[in-house]
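Trainee: Handing you this structure, nothing more for now.
The values are calculated or read from the model by the stated rules, or taken from the named source; none is laboratory data. These numbers were taken from a predicted model, which means no experiment stands behind them. Note that we place each Cβ from the backbone using ideal geometry, even for glycine, and neighbour counts take in every protein chain shown. What goes into the accessible areas is simple: the full protein's heavy atoms, side chains included, and nothing from ligands, DNA or RNA. Shrake-Rupley method; radii C 1.70, N 1.55, O 1.52, S 1.80 Å.
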Amino acid sequence: MEDIRKNYSIDAIIAAFNEEEGIGLTLSEMKEHLNFENILVIDGNSRDKTVEIAKDSGAQILQQTGVGKGDAIAEGIKHIGFNVDYVVVTDADYTYPAKHVPEMIALLEANPNVGMVCGNRFYGKVDEKAQNHLFYFGNIILAWSHRMINGIDLKDPLTGLRVIRAEILRNWKVKSAGFDIEIELNSHVIRSGFKIVEVPICYRSRVGEKKLKARHGLEILKRIFLEAAYY
């Protein structure tokens, strides 16, 4: 396996809650394509074997004291290594192929004005079992709202696969506790003076129970309006 780190280092943040079916596959694939300084799994008090499997896979486990994906990512950010250049954020359910991450890092290496590279699920190959018309149209509405209200034009603003410059995250005071974290992160990167780039990725059907529900769309929409107040 080629070591893609070269002159930079990488940490990964993975929020997990009852993901025993997907976490092992996710970590194994990530290590196949990348060499990390640390893989931080922030566990939201799982009641299954998530923690045991993640430990056996070599991940560092952080126990979440709060609740929600945003709270978990905020906890992970506190533990980013001092010498880390890039942070990979992905989901624990094996939906996002790790093979795309080297390309995403290469874009950051080549473009100092780009602060974050996001995986665009809608312009890549999507597993038929992963397609859900309700969530697809929900994403279209939220992407349009994000563009019109926040001025951030992303085709897939809620993607769970991102690579971010660590310097952008170090002093970030996260306000989002739940699934609205992606909207706040998009806004934070832009406010920090950087650009966001999207790349098409494959998207697989999740392994295990889906946590995102239709009601979370209102939470995300609320965050879009709240972020408008910070511009």
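Trainee: Taking loop as defined by DSSP and a crowding limit of 14 other beta carbons within 10 Å, which chymotrypsin sites (Phe, Trp or Tyr not before Pro) in the stretch 40-101 fit?
Mentor: Phe82
Trainee: Tell me whether the stretch 1-125 comes out rounded, prolate or oblate; compute the Cα gyration tensor, take square roots of the eigenvalues as a ≥ b ≥ c, and use a/c under 1.5 as the rounded threshold.
Mentor: Because a/c hits 1.5 or more and a/b exceeds b/c, the stretch 1-125 counts as prolate.
Trainee: Which of Phe194, Phe36, Phe137 moves the most in a Gaussian network model of the chain with Cα springs under 10 Å?
Mentor: Phe137
Trainee: Oh, and also: When the dipole is taken about the Cα centre of the chain, and only Lys, Arg (+1) and Asp, Glu (-1) are charged at their Cβ, what size is it in debye, to the nearest 20?
Mentor: 680 debye
Trainee: Along the Cα→Cβ direction, 7 angstrom out, place labels at His79 and Asn7. What is the inter-label distance in nm?
Mentor: Each label point lies 7 Å from its Cα, and together they span 3.1 nm.
Trainee: With a cut-off of 8 Å between alpha carbons and a minimum separation of six or more residues, what is the relative contact order of the stretch 1-116 in percent?
Mentor: RCO, the stretch 1-116: 35 percent.
Trainee: Another question, then. Report, in deg cm²/dmol and to the nearest 500, the calculated mean residue ellipticity at 222 nm for the chain, where each DSSP H run with n ≥ 4 adds -39500 (n - 2.57) and the sum is divided by the residue count.
Mentor: -11000 deg cm²/dmol
Trainee: Something else about it: Per the Kirkwood treatment, what hydrodynamic radius in Å, one decimal, follows for the stretch 20-70 from the mean inverse distance over all distinct Cα pairs?
Mentor: That comes to 11.4 Å for the stretch 20-70.
Trainee: Sticking with this structure for a sec: Could you order the peptides 14-27, 175-188 from most to least packed, using the average number of other C-beta atoms within 10 Å per residue?
Mentor: The most tightly packed comes first, giving 14-27, 175-188.
Trainee: Right, something else. With springs only between Cα atoms under 10 Å, which of Gly58, Gly68, Gly115 fluctuates most in a Gaussian network model of the chain?
Mentor: Gly58
Trainee: If I model a spin label at Lys222 and Lys55 as a point 7 Å from the Cα along the Cα→Cβ vector, what separation in nanometres do I get?
Mentor: 3.6 nm
Trainee: Are any of the pairs Lys55/Lys222; Lys49/Lys222; Lys31/Lys78 more than 25 Å apart by Cα-Cα distance, and if so, which?
Mentor: Lys55/Lys222; Lys49/Lys222
Trainee: Here is a follow-up. Can you bin the stretch 64-111 into rounded, prolate or oblate? Criterion: square roots of the alpha carbon gyration tensor eigenvalues sorted a ≥ b ≥ c, rounded for a/c under 1.5, prolate for a/b above b/c, oblate for the rest.
Mentor: Oblate shape, in that a/c is at least 1.5 and b/c is the bigger or equal ratio.
Trainee: Just want to confirm a number: the relative contact order over the chain, from Cα pairs under 8 angstrom separated by 6+ residues, in percent.
Mentor: Once normalised by length, the contact order is 25 percent.
Trainee: Using a 1.4 angstrom probe, figure out how much accessible area the chain has per residue, in square angstrom, rounded to the nearest whole.
Mentor: On a per-residue basis, 49 Å².
Trainee: Near Lys99, within a Cβ-to-Cβ distance under 11 Å, what is the net charge of the other residues, with Lys and Arg +1 and Asp and Glu -1?
Mentor: With Lys, Arg at +1 and Asp, Glu at -1, the neighbours total -3.
Trainee: Placing +1 on the Cβ of each Lys and Arg and -1 on the Cβ of each Asp and Glu in the chain, which of Ala59, Pro112, Ile181 has its Cα farthest towards the positive end of the resulting dipole?
Mentor: Selected residue: Ile181.
Trainee: Could you put Ile140, Ile164 in order of accessible surface area, largest first, with the 1.4 Å probe and the full protein assembly present?
Mentor: Descending order: Ile140, Ile164.
Trainee: For Arg165, what accessible surface area do you get with a 1.4 Å probe? Give it in Å², rounded to 10.
Mentor: Using a 1.4 Å probe on the heavy atoms, I get roughly 20 Å².
Trainee: Mind computing the radius of gyration and Dmax over the alpha-carbon atoms of the chain? Å is fine for both.
Mentor: In order Rg, Dmax, the Cα atoms of the chain give 16.3, 46 Å.
Trainee: Suppose the chain between Gln63 and Phe137 were pulled fully straight at 0.36 nm per residue; how much longer would it get relative to their current alpha carbon spacing?
Mentor: 23.2 nm
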